[in-house]
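Throughout, read-outs are computed from the coordinates displayed, never taken from laboratory work. For clarity, every value in this text was computed on a predicted model and none was experimentally measured. We place every Cβ from the backbone using ideal geometry, glycine too, and count neighbours over all the protein chains shown.
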Amino acid sequence: MVDYQEIEDRQIIGLIASLDKDALEELYTRYSTSVYSLAMYMLRNEALAQEIFLNIWLKASSFNADRGQPRSWIMSVAHHKVVDLIRSRRRSTIMTDPADYETLDLLPSGQISTEEEVSRNLERERIMKAMEILPTAQKEVIMMAYFEGYSQSAMADKLGQPLGTIKTRVRLAMQKLRTVLERDDNEQL
Amino acid sequence: MTTNNSENEHWAGAHPLELLEAYALDALEPEESFQVEAHLDWCGPCSREAARLQESVARLELMAQRTQPPTELQARLMHSLDTGSEDSQEFSFSPPVAASNGSNSLFWKPAVRFLMPVAAMIMVGLFSAAMVLNVRLSDRTDGLEQQNSTLAAQVGLSITENQLEKQLMEDKLNQLQLTSYWLANPANHPLALKTSQSAAGSKGVLLSAKDGSGAIIMVTNMKTHTPGSTYQVYLMRQGNRVWVAEVKVDDQGWGSKAYWPEESLYRFDKIELVSQTVQGAAASSADMVMEANIPGALPSQMLALPAWQ
């Protein structure tokens with residue numbers, strides 16, 4: 001009897017690639033909240049989470065452990081699906097005023113019930129602080145790209161900026177974000 | 001957006017470093033995204049850079065308000081894998097319950113005393129008719145539910161099969177695109193693979209990057225060898241073997257796989273393709289399908305590719 005809870009994420013994905021439904025169920029247990037939260041936040045679409053996991057079921061064989069962490073791959077599949085849907089519907093679903101992003105302030109943690117929740121809240125704090133370090137214009141392009149599904153050219157149209165400016169802004173924003181997060185990761189060790 | 005030959009040459013040699021950040025954010029146009037993905041399939045350094053960026057991007061989801069999914073979502077997901085059917089609603093039919101609302105004063109009236117038995121008989125009749133109708137309707141409903149389940153299962157299976165087929169087609173297209181990029185790059189060096197007697201008729205070639213950091217192996221006519229559709233690729237050095245890739249062939253016997261070993265290809269002595277379905281299994285001489293000695297890092301020592309027959 002296989003204890004799926006003891007199996008690492010990358011092995012779980014390997015099992016899913018072998019059409020192991022129990023493995024998919026275990027992966028669902030681990031990531032459903034993250035995937036569902038993203039789908040609801042970006043599109044208010046409950047059924048989308050189900051479609052995302054079906055996508056994982058179909059694409060599991062394409063996961064390459066050399067190309068990144070399982071979590072990154074899963075959230076990338078999820079995000080890509082959401083963005084595809086947003087673009088196909090050709091509508092923005094969330095606020096576009098950078099000032100509105102203030103609503104993403106860290107929610108009170110309230111009573112902490114599990115160690116996992118503590119860890120997640122700490123991770124959330126770190127990403128929020130990292131984003132706060134970015135200049136407003138750079139933060140804006142990341143939010144528009146990630147949470148609103150804008151492509152660079154669509155952002156250029158929306159913001160009335162040259163495409164080259166947006167591309168540079170995206171590059172600098174991501175490089176800075178990555179540097180801050182990796183530095184923070186090293187300090188945690 | 002269509003690509004012309006000059007753009008293909010550009011992609012074959014250049015690294016789209018300026019697009020990786022946008023790629024990680026899903027902020028590229030579909031055509032750009034596809035080309036970057038094709039590049040990442042064979043370029044180890046770019047692939048690792050993209051992976052690091054995607055790790056940072058993946059953490060952005062933490063900023064979204066956390067929402068627990070409904071408990072039935074998991075069941076719906078697993079059910080959709082099994083049958084693709086939606087939950088059916090139960091049909092229930094309850095016979096009418098006779099209601100009585102007499103008052104004591106009414107009971108003693110002659111008309112009431114006469115009509116009540118009649119009413120009771122009518123009620124019994126109606127009740128019986130309702131029971132018969134219930135049975136017939138239940139049977140009909142069961143039949144319809146069964147038909148619905150069968151149809152839904154067929155549709156679900158068809159949808160799943162179509163999705164699988166679509167995925168296979170996409171994988172095949174990616175493979176072909178990747179192979180064409182390798183072939184188009186004049187800096188890559190070909191090495192013909194020698195086939196074993198048991199694999200007569202099959203052909204294979206290894207295209208490697210100039211520095212040996214990556215390579216693509218292409219095989220054809222593999223159906224003449226074994227019914228199996230999976231082959232394992234090993235690099236050999238002083239008798240030790242290192243697994244590097246798995247090649248899947250299609251029903252036409254064609255297959256290709258790009259890979260990038262941890263060390264340069266030219267630090268190994270030999271490459272072997274064996275007919276195993278899983279990596280790591282002990283190989284016998286009968287398993288070996290193709291092989292080639294890897295020369296030193298001197299392109300001039302590469303074997304000339306023999307003419308295809």
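Observations, loosely collected:
- Inter-probe distance in nm under a simple model that places probes 7 Å from Cα toward Cβ, at B:Lys210 and B:Leu17: 1.7
- Among the DSSP helices (H) of chain A, those spanning at least 27 angstrom by Cα along their long axis with an average Kyte-Doolittle hydropathy of -0.5 or more are A:21-43, A:70-89; this is a geometric and hydropathy rule only.
- Put simply, the C-alpha atoms of chain A give a gyration tensor, and the ellipsoid matching it has half-axes of 30, 21, 17 Å, longest first.
- Taking a straight Cα-Cα cut-off under 15 Å and skipping sequence neighbours fewer than 8 places away in the same chain, the aspartates and glutamates within cross-link reach of A:Lys167 are A:Glu140, A:Asp157, B:Glu18, B:Glu21, B:Asp26, B:Glu29, B:Glu32.
- The packing ranking, built from the mean of other Cβ atoms within 10 Å per residue, places the peptides B:131-143, B:58-70 in the order B:58-70, B:131-143, highest first.
- Per residue of A:77-84, other chain Cβ atoms within 10 Å of the residue Cβ number 2 on average.
- Per-q log10 I(q)/I(0), the stretch A:132-189, q = 0.23 Å⁻¹ (Debye; single scatterer per alpha-carbon; no solvent): -0.85
- If you plug the beta carbon distance of B:Phe127 and B:Leu151 into 1/(1 + (r/R0)^6) with R0 = 30 Å, you get a FRET efficiency near 0.25.
- Efficiency of FRET between B:Val242 and B:Leu144 - r from beta-carbon atoms, R0 56 angstrom, step 0.05: 0.40
- Two-site label geometry, B:Glu262 and A:Ile133: point separation in nm, points 7 Å out along Cα→Cβ: 3.2
- When the charge dipole of the stretch A:132-189 is built from unit charges on Cβ atoms (+1 for Lys and Arg, -1 for Asp and Glu) and taken about the Cα centre, the candidate among A:Ser151, A:Leu134, A:Gln188 whose Cα reaches farthest toward its positive end is A:Ser151.
- Taking packing as the residue-averaged number of other Cβ atoms within 10 angstrom, the listed peptides B:118-129, A:52-63, B:256-267 run from highest to lowest as A:52-63, B:256-267, B:118-129.
- Listed by chain and number, the lysines placed with their C-alpha closer than 24 angstrom to that of B:Lys203 are B:Lys172, B:Lys194, B:Lys223, B:Lys248, B:Lys257, B:Lys270; residues fewer than eight positions away on the same chain are left out.
- Amide proton proximity set for B:Ser213, modelled H, under 5 Å, gap of 5+: B:Leu265
- Relative contact order computed over the stretch A:132-189 (Cα-Cα under 8 Å; 6+ residues apart), in percent: 36
- Exercise: per-residue mean of other protein chain Cβ atoms within 10 Å, A:169-176: 4
- Neighbouring partner chain Cβ atoms per residue of A:137-147, average, 10 Å criterion: 3
- Per residue of chain A, the DSSP helices (runs of n ≥ 4 H) give a summed -39500 (n - 2.57) that works out to -23500 deg cm²/dmol at 222 nm.
- Charges were assigned to the Cβ only: +1 to each Lys and Arg, -1 to each Asp and Glu. The resulting dipole of the stretch A:132-189 about its Cα centre is roughly 300 debye.
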